Amino acid sequence: MQLSDPIGDMLTRLRNGLLARHVTVDMPHSNMKERIAGILKDEGFVRDYEVVRDGPKATLRVALKYTPARRPVMTHLRRVSKPGLRIYAGKDRIPRVLGGMGVVIISTSRGIITGQQARRLGVGGELVCEIW
């Protein structure tokens, strides 16, 4: 089955996994999804991720992170730019999520990076998603 929005599917799988209190969530692998998972790990939203290569198709396995009280660390995942309506932001219009407590992930000419990194590098791009 071909998805029209693989990144939206990734965010939905993560959201559903957190609601069901799963330890890990599996999804089809892509380089963009792997980079987003890397940002989530660097920002402390997920414990870890790995690429499982079993057969012709690779799978991205993300280990979800919870507080000691078993509450999800990520409480909100929102797709900003969708296939039907792309949203772009210039270098001086990159939004701050929750006053800096959240993260906006941006696809730029320098790759997939956080809004904070994009501001520091002075680049804009497509707003992929917001997470807090």
Length added when fully stretched, Q116-N16, from 0.36 nm per residue minus Cα-Cα: 33.3 nm
Crossing angle, helix 31-42 versus the chain [Cα axis fit, 0-90 degrees, rounded to tens]: 90
Overall dimensions of the range 6-64 by Cα: Rg and Dmax, Å: 10.6, 31
Sequence of M32, M27, M74 once ranked by neighbouring C-beta atoms within 10 Å, starting from the fewest: M32, M27, M74
Nonlocal amide H pairs with F45, under 5 Å, H built at 1.01 Å: none
Local electrostatic count, S107, Cβ distance below 11 Å [Lys/Arg +1, Asp/Glu -1]: +2
Lysine pairs meeting the criterion (Cα under 22 Å, 8 or more apart or interchain), as found in the chain: 6
Calculated FRET value between D92 and T24, using beta carbons and R₀ = 35 Å, to 0.05: 0.35
Burial ranking of peptide ranges 83-92, 54-63, 102-111 (average Cβ count within 10 Å, highest at the top): 102-111, 54-63, 83-92
Dimensions in Å of the chain - Rg and Dmax from alpha carbons: 14.7, 44
For I112, residues with placed amide H under 5 Å, excluding near neighbours: none
Charge tally in the Cβ shell below 13 Å around M10, where Lys, Arg are +1 and Asp, Glu are -1, M10 excluded: +3
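The numbers here are math on the coordinates, done by the rules we state, and not lab data. All of these numbers come straight from a predicted model, not from anything done at the bench. Cβ sites come from the backbone with ideal geometry, for glycine too, and all protein chains shown count toward neighbours.
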